Amino acid sequence: MSLLSIKSLSLTLGGQPILRGIDLEVEKGEVIGVIGPNGSGKTTLFNVLSGFLKPTHGKIHFKQTDMTGMAASERARIGIGRVFQNFGVFREMTLEENVLVALEALPKEQRLVLGDLKKAVHSTLKLVHLEDHAKKKANSLSGGQMRLLEIARTLVSGKELFLLDEPTAGVSPKMTGQIADLILTLKKEGKTVLIIEHDLPFIQKICDRVIVLDVGEIALQGKPDDVRHNGKLKELYFGADPTD
Amino acid sequence: MNYLLHILTMIGLSIPNILGYNLIFGRGKFLHFGPIATSLFSSYAMFLTLRETGNYLSAFFVGLLASLLLSSFFAWLALRLESDALGILTIAMHLALLSVVLNWSSLTRGALGLPQIPRITGMLSLPVFASVSIVIALLWIFFMVRVHRSWLGRELSALAENRAHAEALGINRARVTLSAFLIGGLGATITNTLYPQYIGLLHPNDYQFSNLIFFILCVVAGGPGSVRGVVISIVLLTSLQELIRFLPLPLGLIGPMRLLFFGLILIIAVYIRRKEIFPMQRSV
Ligand SMILES: Nc1ncnc2c1ncn2[C@@H]1O[C@H](COP(=O)(O)OP(=O)(O)O)[C@@H](O)[C@H]1O
Ligand SMILES: [Mg+2]
């Protein structure tokens with residue numbers, strides 16, 4: 001059985017169809033790239049999966065449980081982690097508090113497994129080399145550092161499915177490498193990852209499979225190499241070569 | 001000496017209620033304008049029970065229950081309404097409760113208030129009353145510092161900064177909101193158990209909008225969400241409020257002058273802290 005199963009998922013907002021009949025089976029341990037032109041519904045798909053938007057049609061199962069009607073915070077507690085396009089760290093809180101608040105929100109059994117939360121916070125910050133900034137407010141970080149912090153926080157929170165929305169957007173090229181490494185760590189640990197990304201070489205490096213969204217539909221899917229060289233991809237981007 | 005004790009008592013009595021409100025409005029950034037409504041409801045429930053039963057313990061529990069009930073209702077509203085609607089509705093609740101108290105004279109004696117509120121035995125003298133108030137205030141400050149440093153403080157901050165980001169971590173908004181409002185309700189009950197005893201009278205004028213302005217002023221001037229800052233502003237502003245009485249002004253002018261003065265400080269404080277009070281919400 002797949003870890004995540006999406007069946008004929010549709011969403012209409014204000015009379016406008018945003019997602020149209022999406023079917024997707026995601027196996028445990030898979031890393032899937034989600035690409036598509038701006039406005040094709042990638043973030044919206046993540047918002048439906050995270051529980052911020054209720055689908056008009058369709059069902060979502062996670063670990064064999066129907067979570068179509070589940071609230072966002074409940075989904076987080078059963079193992080869905082989200083990394084936001086616009087940075088999900090709390091800028092007015094210190095780095096330490098940013099991690100601690102995530103660990104405290106975990107179900108009790110998971111918190112007990114972590115043991116001393118202060119230590120877990122420290123090792124999280126260490127994982128992304130931010131331990132010296134523990135007491136600083138997150139708004140003092142660069143975009144890349146915020147993203148690393150957010151991914152590390154989600155990793156330590158024991159999430160199983162990661163929804164990463166443009167993790168390299170607004171990040172310096174130097175940090176992009178670090179983020180790719182961290183995502184590969186997720187993969188090594190057997191985590192399942194859906195990642196929205198524009199950078200095709202980046203996708204090719206880390207993904208097992210790519211799906212291409214176009215006006216709310218899966219227009220194309222397959223292995224990264226096959227998708228990249230499929231003529232339809234260029235068509236979707238209106239002739240613009242997304243590789244350059 | 002007596003005057004100093006009086007000011008200390010007034011400060012001590014304000015602290016539980018205003019620091020509780022600071023958790024909701026300052027730290028949680030809820031546009032909640034109902035702390036005086038809660039106080040009014042709680043104290044009338046308490047002292048009407050006292051009048052009927054003569055038993056302080058049962059009166060206290062009725063007052064506490066009333067306060068927690070109304071606080072839960074406000075929390076429920078806060079979970080369901082947008083910020084602006086919550087603000088308007090809590091002000092409307094305050095207004096509605098005030099007019100019930102003022103007009104249901106057969107029960108509440110309306111604008112006359114409930115006179116001859118007895119002090120609990122042992123708290124009859126001013127020095128004792130002042131000491132008890134200060135000790136309770138100190139205990140409450142200690143408790144509030146703990147709350148602000150706990151998961152509740154952090155989760156309130158997280159939700160205030162970005163609700164979606166907080167919920168995506170698994171933070172339960174209902175639990176956090178209810179906890180904050182219940183703590184606010186507890187603070188309101190403590191203050192309102194003591195204050196009418198202190199002046200020997202439960203009077204609707206002590207629950208007017210000017211009091212709400214004073215609460216907001218203390219929180220905004222002290223720094224929303226900061227326990228230390230709000231305690232400092234309670235100390236300074238309460239002293240100021242009491243000292244204004246000594247200005248050489250005609251009696252009828254003192255009230256309006258005070259309101260004008262505090263209004264002015266509020267405007268300045270809100271302007272200086274506008275970024276903290278109305279944080280920018282980022283979307284998903
Ligand atoms: N809350 C909303 N209400 C109405 N329309 C929305 C909402 N969120 C997104 N949309 C629309 O849905 C479409 C897809 O948006 P989005 O998922 O953000 O695209 P992507 O992430 O692929 O760039 C866009 O046309 C956008 O305007
Ligand atoms: Mg997007």
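Quick notes on this structure:
- Checking each residue in region A:170-201 for being of a type in the set (A, V, I, L, M, F, W, C), touching a strand residue (DSSP E or B) at 6+ places or on another chain (Cβ under 9 Å) and within 16 Å of ligand 2 (Cβ to nearest atom) picks out A:Leu194, A:Ile195, A:Ile196.
- Total residues in region A:14-62 satisfying the condition of being within 16 Å of ligand 2 (Cβ to nearest atom) and among the aromatic types (Phe, Trp, Tyr): the figure is 2.
- Among the residues making up region A:1-41, those that are over 23 Å from A:Arg77 (Cα atoms) and open to solvent by less than 10 Å² (accessible area, probe 1.4 Å) are A:Leu11, A:Leu19, A:Ile22, A:Gly33, A:Val34, A:Ile35, A:Gly36, A:Ser40, A:Gly41.
- Residues (within 16 Å of ligand 1 (Cβ to nearest atom) and part of a loop (DSSP other than H, G, I, E, B)) located in region A:78-93: A:Phe84, A:Gln85, A:Asn86, A:Phe87, A:Gly88
- Criterion violated by A:Phe238 - all others in (1) modelled with pLDDT of 85 or more; (2) open to solvent by 40 Å² or more (accessible area, probe 1.4 Å); (3) within 15 Å of ligand 1 (Cβ to nearest atom) satisfied: (1)
- Residue count for region A:25-56 satisfying the condition of being away from chain B (no Cβ under 14 Å), among the hydroxyl-bearing types (Ser, Thr, Tyr) and within 7 Å of ligand 1 (Cβ to nearest atom): 1.
- B:Phe209 meets all of the listed conditions (1) open to solvent by 30 Å² or more (accessible area, probe 1.4 Å); (2) over 21 Å from B:Ile277 (Cα atoms) but one, namely (2).
- Tabulated pairs, region A:196-213, first more than 16 Å from ligand 1 (Cβ to nearest atom), second part of a loop (DSSP other than H, G, I, E, B), C-beta under 6 angstrom, 6+ apart or interchain: A:Asp208/A:Glu30
- Wholly enclosed helices (runs of 4 or more DSSP H) of region A:105-159 bearing at least 3 residues within 19 Å of A:Phe87 (Cα to Cα): A:117-127, A:143-156
- Among the numbered conditions (1) farther than 26 Å from B:Ile91 by Cα; (2) crowded, with 20+ Cβ neighbours inside 10 Å; (3) polar (S, T, N, Q), the only one that B:Thr177 does not meet is (1).
- The residue pairs whose first member lies in region B:148-167 and is farther than 13 Å from B:Gly28 by Cα, whose second member is of a type in the set (S, T, N, Q), and whose beta carbons are closer than 6 Å, counting only pairs six or more residues apart or on different chains, are B:Glu167/A:Ser73.
- From the list B:Leu194, B:Leu112, the lone residue that is out of contact with any Asp or Glu (no Cβ under 7 Å at 6 or more places or on another chain), closer than 30 Å to B:Arg258 by Cα and open to solvent by 50 Å² or more (accessible area, probe 1.4 Å) is B:Leu112.
- Looking across region B:167-179, the residues that are more than 17 Å from B:Leu64 (Cβ to Cβ) and not in a loop (DSSP other than H, G, I, E, B) come down to B:Glu167, B:Arg173, B:Ala174, B:Arg175, B:Val176, B:Thr177.
- Lone qualifier among A:Gly88, A:Gly79, A:Gly69 - being open to solvent by 20 Å² or more (accessible area, probe 1.4 Å) and either more than 9 Å from chain B (Cβ to nearest Cβ) or under 22 Å from A:Leu49 (Cα atoms) (or both): A:Gly69
- Qualifying residue in region B:146-167 (condition: open to solvent by 50 Å² or more (accessible area, probe 1.4 Å), away from chain A (no Cβ under 14 Å) and within 17 Å of the chain's Cα centre (by Cα)): no
The values are calculated or read from the model by the stated rules, or taken from the named source; none is laboratory data. Owing to the predicted nature of the structure, the values given are computational and were not obtained by experimental measurement. Quick reminder, even Gly has a Cβ in these numbers, built from the backbone with ideal geometry, and neighbours come from all protein chains shown. Calculation scope for accessible area: heavy atoms of the full protein, side chains included, ligands and nucleic acids excluded. Shrake-Rupley method; radii C 1.70, N 1.55, O 1.52, S 1.80 Å.
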